[in-house]
Structures are given as structure tokens and as C-alpha cells.
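Undergrad: I have a structure here, written as C-alpha cells, and I will follow up with some questions on it.
Read-outs: derived from the displayed coordinates by stated rules, not from any lab. Just so you know, these numbers come straight off a predicted model, no measurement behind them. Cβ placement follows ideal geometry from the backbone for every residue including glycine, while neighbour counts extend to all protein chains displayed.
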Amino acid sequence: MKNITLFVCFIACTNLFSQKLSLTPEGLKDENDSQKTFVVINAQDKSAKQLYDNVVRYITKNYKNPDKAIKGKTDGEYIKFETYVSNICTGRNIVKVSFAAKYTTEINFKDGKIKYEIFDLDIFNPDNNLSVEISGSPAVGWVIYNRKGQLKQEEMKSQIEAYFNAGIKSISDFINYKNLDDKW
């Protein structure tokens, strides 16, 4: 009995930890598999159509103008939507600078799981045209990793990861009916 309990705990922990993105010099990657640019969110006992409908409800509930946010969809198979966030991270040199972001999320559906991936991530300061580059030369703006892959902006990296991982958790909770707002 102990072996079964340990096995179940191991599987549950593995599923929880595999649902995080990490910011690498090459962009957002699965925290446990740097070859993947996506994470898989498990949703046992739900069909692809149910998952799709739940994500559409999530977008409708959480976006000011959901019809404009949705950029493509195939009923029950995939949805692509665009997000603008006014404060994804802050940088510090002499002064503190806030950065906004615009990105595209693509979600593909199969029975019992969804594939969640971020594309076209653009981080910038809308007031002064400063941009954040994930890797490169400081001449182009704020750089999180230099050309050699060395981390230069640890706080910004952590803030960006926290933002995207909170989004994954939010969608995961919503599709698995762990939304506290529905308990009235």
C-alpha cells in the first residue's frame, strides 16, 4: 500500500512540476525539458471539446475584449489568442523602469490534456521605447542574458517566469474546475 501511495505522490508531483516555463537564452522553455517550448496541462476525464469550451470561457471571463483577443480557432482542436499586459516586469539601473508585454498564446487540445505555448513575446516600455531582449547585446535595450548566455537581469527573469507560470496555473485551475469564483 505504501508503494502505491508513493507512486501516486510521485506522479502528482511530476505533473505539477512539468507545468512551468523557464526563461532561457533561447526563450520560454518547459522547466523540465529545455527542448520543449510548451508545457502540457493535464485534465483527466475531460474531452478535447470540453477543454476547448473551458478555455473559451476563460478568455471570455478574463479579457476585456475577447473577440479581438482571439486570433484563430478550430472548435475543439486549437485556439490562439493575443494578450497585452501593462506591467510584466520591472528593471533597475539607476531608476526603476516598468515594462509591458504583448504576446500570443496557442493552446492545442487532446482528450485529457492541453498543450500551452507562448509565441511572439515582445517586452517594452510604452513611454520611452525601451525594449527587453531575452538575449543579445545591451546596445539594443535591456538584456536578460548576454550573448554568451550569462544571466544579467535575474530579477526580471524571475518576474517574467512568475507571470507566465501564474497564467498556466490560472488556466489549469479553470479547466479543472478549481475556480473559487464559481462557488456562490
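Undergrad: Based on the alpha-carbon set only, what is the convex hull volume of region 2-179 divided per residue, in Å³?
TA: 142 Å³
Undergrad: Let me ask something else. Give the relative contact order (percent, whole number) for region 68-115; include only Cα pairs under 8 Å separated by 6+ residues.
TA: 33 percent
Undergrad: Work from the charge dipole of the chain (Cβ charges, +1 for Lys and Arg, -1 for Asp and Glu, about the Cα centre) and give the residue of 168, 103, 86 farthest towards its positive end.
TA: Positive-end residue among those listed: 168.
Undergrad: Next question. Give the order of 40, 95, 55 when sorted by the count of other beta carbons within 10 angstrom, beginning with the fewest.
TA: In increasing order of surrounding Cβ atoms, one gets 95, 40, 55.
Undergrad: If you fit an axis through the alpha-carbon atoms of helix 2-17 and take the longest principal axis of the Cα set of the chain, what angle between them do you get, 0 to 90°, nearest 10?
TA: For helix 2-17, the angle is close to 40 degrees.
Undergrad: Further question: Mind checking which of 128, 165, 146 has the largest fluctuation in a GNM of the chain, springs on alpha carbons under 10 Å?
TA: 128
Undergrad: Right, something else. So how tilted is helix 48-62 from the main axis of the chain? Cα-based, degrees 0 to 90, rounded to 10.
TA: Once rounded, the angle reads 50 degrees.
Undergrad: Relative contact order (percent) for the chain, with alpha-carbon contacts under 8 angstrom and 6 or more residues of separation?
TA: Reported relative contact order: 20 percent.
Undergrad: What size of dipole, in debye to the nearest 20, comes out for region 2-179 about its Cα centre when the only charges are +1 on Lys and Arg C-beta atoms and -1 on Asp and Glu C-beta atoms?
TA: 240 debye
Undergrad: Now for a separate question. Please compute, over every Cα-Cα pair in region 22-62, the percentage with a separation greater than 15 angstrom.
TA: 57 percent
Undergrad: How far is helix 154-175 tilted, in degrees, relative to the longest principal axis of the Cα atoms in the chain, given as a value from 0 to 90 rounded to the nearest 10?
TA: With rounding to tens, the tilt is 20 degrees.
Undergrad: Another question, then. Using only DSSP helix segments of four residues or longer, with each worth -39500 (n - 2.57), what per-residue ellipticity at 222 nm results for the chain after dividing by its residue count and rounding to 500?
TA: Only helices count here, giving -10000 deg cm²/dmol.
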